[in-house]
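Trainee: Please read through the structure below; I'll follow up with questions.
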Ligand SMILES: [Fe+2]
């Protein structure tokens with residue numbers, strides 16, 4: 001008769017249940033693995049996609065050529081944001097965080113990312129056909145922060161007319177709700193920490209020179225005629 005080792009003995013009912021339970025757990029884990037892999041894949045595909053602002057073509061005061069050039073420029077920021085993030089990710093995986101390449105790309109990221117995001121805010125607060133509701137929430141808050149609505153407008157336009165290239169951003173300070181017009185030199189310098197952007201105006205030369213030459217004030221007037229005030233108002237906290 002065949003001798004059985006202790007380990008070869010037949011399974012009793014309890015052991016069988018335990019083992020099958022383990023098997024079921026393993027099976028469940030195996031099923032869960034593709035999902036985990038998918039999650040990882042999703043994280044990798046969190047790249048940015050350029051939005052379509054073609055509906056702005058036809059806005060009074062903005063030529064089609066100027067707008068289309070501007071959209072192309074914006075798309076470049078989206079592409080470069082993805083490239084910089086991907087390259088930084090790669091450098092991290094290769095353990096190269098102490099390299100000059102990593103440091104320079106980290107510095108570059110704010111420029112490309114904000115170049116993308118600020119253009120999105122800008123295009124999204126354009127295309128409006130209605131004037132600012134002077135009894136609405138935004139108008140009241142502007143008057144509270146600047147003494148009057150006209151005071152805010154003068155301050156915003158004056159900031160936009162400053163020499164140099166950049167952005168004018170009406171920011172809301174979430175600490176006390178105050179609205180402040182900021183001059184943003186280029187894309188990545190001058191933003192108030194924690195601020196909520198409410199209204200954004202691009203005053204880089206590409207935003208107006210093709211249509212207005214050096215007459216920046218005329219561009220600013222055209223911008224004001226096309227502000228989507230509702231889009232700005234919903235950004236208020
Ligand atoms: Fe721009």
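The values are calculated or read from the model by the stated rules, or taken from the named source; none is laboratory data. Every value quoted in this text rests on a predicted model; they were computed, and no experiment measured them. As a convention, Cβ positions derive from the backbone with ideal geometry for all residues, glycine included, and neighbour counts pool all protein chains shown.
Trainee: Could you tell me whether any residue of segment 194-201 is at pLDDT 95 or above and more than 30 Å from residue 107 (Cβ to Cβ)?
Mentor: If we filter segment 194-201 for residues that are at pLDDT 95 or above, which is where we start, we get 194-201.
Cutting the leftovers down to more than 30 Å from residue 107 (Cβ to Cβ) gives us none.
No, segment 194-201 contains no residue that is at pLDDT 95 or above and more than 30 Å from residue 107 (Cβ to Cβ).
Trainee: Out of segment 184-203, which residues are out of contact with any strand residue (DSSP E or B) (no Cβ under 7 Å at 6 or more places or on another chain) and within 16 Å of the ligand (Cβ to nearest atom)?
Mentor: Of the residues in segment 184-203, the ones out of contact with any strand residue (DSSP E or B) (no Cβ under 7 Å at 6 or more places or on another chain) are 187-189, 193-194.
Those that are out of contact with any strand residue (DSSP E or B) (no Cβ under 7 Å at 6 or more places or on another chain) and within 16 Å of the ligand (Cβ to nearest atom): 187, 188, 189.
Trainee: All but one of (1) in contact with a strand residue (DSSP E or B) (Cβ under 9 Å, 6 or more places away or on another chain); (2) at pLDDT below 95 hold for residue 156, so report the exception by its number.
Mentor: Here residue 156 clears every test but (2).
Trainee: Is it fair to say residue 181 is within 16 Å of the ligand (Cβ to nearest atom), assigned by TED's automatic domain parsing to the domain that holds residue 204 and in contact with a strand residue (DSSP E or B) (Cβ under 8 Å, 6 or more places away or on another chain)? Lay out the reasoning, then the answer.
Mentor: Numbers: within 16 Å of the ligand (Cβ to nearest atom): no; assigned by TED's automatic domain parsing to the domain that holds residue 204: yes; in contact with a strand residue (DSSP E or B) (Cβ under 8 Å, 6 or more places away or on another chain): yes.
For residue 181, the condition - within 16 Å of the ligand (Cβ to nearest atom), assigned by TED's automatic domain parsing to the domain that holds residue 204 and in contact with a strand residue (DSSP E or B) (Cβ under 8 Å, 6 or more places away or on another chain) - is not met.
Trainee: Hey, another quick one. Take the residues in segment 103-123 that are in contact with a helix residue (DSSP H, G or I) (Cβ under 6 Å, 6 or more places away or on another chain) and away from the ligand (no atom under 16 Å from the Cβ); name whichever of them is farthest from residue 224 (Cα to Cα).
Mentor: The selected residue is 105.
Trainee: For residue 211, which of the numbered conditions (1) out of contact with any helix residue (DSSP H, G or I) (no Cβ under 7 Å at 6 or more places or on another chain); (2) surrounded by fewer than 21 Cβ atoms within 10 Å (Cβ to Cβ) fails to hold?
Mentor: (1)
Trainee: Quick one: residue 186 ticks every box in (1) at pLDDT below 95; (2) surrounded by 13 or more Cβ atoms within 10 Å (Cβ to Cβ); (3) more than 22 Å from the chain's Cα centre (by Cα) bar one, so which box is it?
Mentor: Going through (1) at pLDDT below 95; (2) surrounded by 13 or more Cβ atoms within 10 Å (Cβ to Cβ); (3) more than 22 Å from the chain's Cα centre (by Cα) one by one, residue 186 breaks only (3).
Trainee: If you don't mind, there's one more thing I want to ask. Kindly check whether there is at least one residue in segment 159-169 that is more than 24 Å from residue 137 (Cα to Cα), out of contact with any helix residue (DSSP H, G or I) (no Cβ under 8 Å at 6 or more places or on another chain) and within 16 Å of the ligand (Cβ to nearest atom).
Mentor: There is at least one residue in segment 159-169 that is more than 24 Å from residue 137 (Cα to Cα), out of contact with any helix residue (DSSP H, G or I) (no Cβ under 8 Å at 6 or more places or on another chain) and within 16 Å of the ligand (Cβ to nearest atom).
Trainee: What residue, of 126, 142, 132, is surrounded by 16 or more Cβ atoms within 10 Å (Cβ to Cβ) and within 15 Å of the ligand (Cβ to nearest atom)?
Mentor: Working: 142 fails: within 15 Å of the ligand (Cβ to nearest atom); 132 fails: within 15 Å of the ligand (Cβ to nearest atom).
Sole residue among the options that is surrounded by 16 or more Cβ atoms within 10 Å (Cβ to Cβ) and within 15 Å of the ligand (Cβ to nearest atom): 126.
Trainee: Now for a separate question. Any residue that is out of contact with any helix residue (DSSP H, G or I) (no Cβ under 6 Å at 6 or more places or on another chain), closer than 23 Å to residue 208 by Cα and within 14 Å of the ligand (Cβ to nearest atom) - is there at least one of those in segment 78-97?
Mentor: No, segment 78-97 contains no residue that is out of contact with any helix residue (DSSP H, G or I) (no Cβ under 6 Å at 6 or more places or on another chain), closer than 23 Å to residue 208 by Cα and within 14 Å of the ligand (Cβ to nearest atom).
Trainee: Within the bounds of segment 134-146, is there any residue that is more than 30 Å from residue 61 (Cα to Cα), assigned by TED's automatic domain parsing to the domain that holds residue 202 and out of contact with any strand residue (DSSP E or B) (no Cβ under 7 Å at 6 or more places or on another chain)?
Mentor: Yes, segment 134-146 contains a residue that is more than 30 Å from residue 61 (Cα to Cα), assigned by TED's automatic domain parsing to the domain that holds residue 202 and out of contact with any strand residue (DSSP E or B) (no Cβ under 7 Å at 6 or more places or on another chain).
Trainee: With respect to residue 64, determine if the residue is modelled with pLDDT under 95 and surrounded by fewer than 14 Cβ atoms within 10 Å (Cβ to Cβ).
Mentor: In short, no.
Trainee: Right, something else. Within segment 30-51, how many residues turn out to be within 26 Å of residue 223 (Cα to Cα) and either surrounded by fewer than 10 Cβ atoms within 10 Å (Cβ to Cβ) or at pLDDT below 60 (or both)? So that I can check it myself, show each step before the final result.
Mentor: Quick first cut of segment 30-51, residues within 26 Å of residue 223 (Cα to Cα) only: 49-51.
In the following step, the residues that additionally are either surrounded by fewer than 10 Cβ atoms within 10 Å (Cβ to Cβ) or at pLDDT below 60 (or both) were identified as 49.
Residues flagged as within 26 Å of residue 223 (Cα to Cα) and either surrounded by fewer than 10 Cβ atoms within 10 Å (Cβ to Cβ) or at pLDDT below 60 (or both) within segment 30-51 amount to 1.
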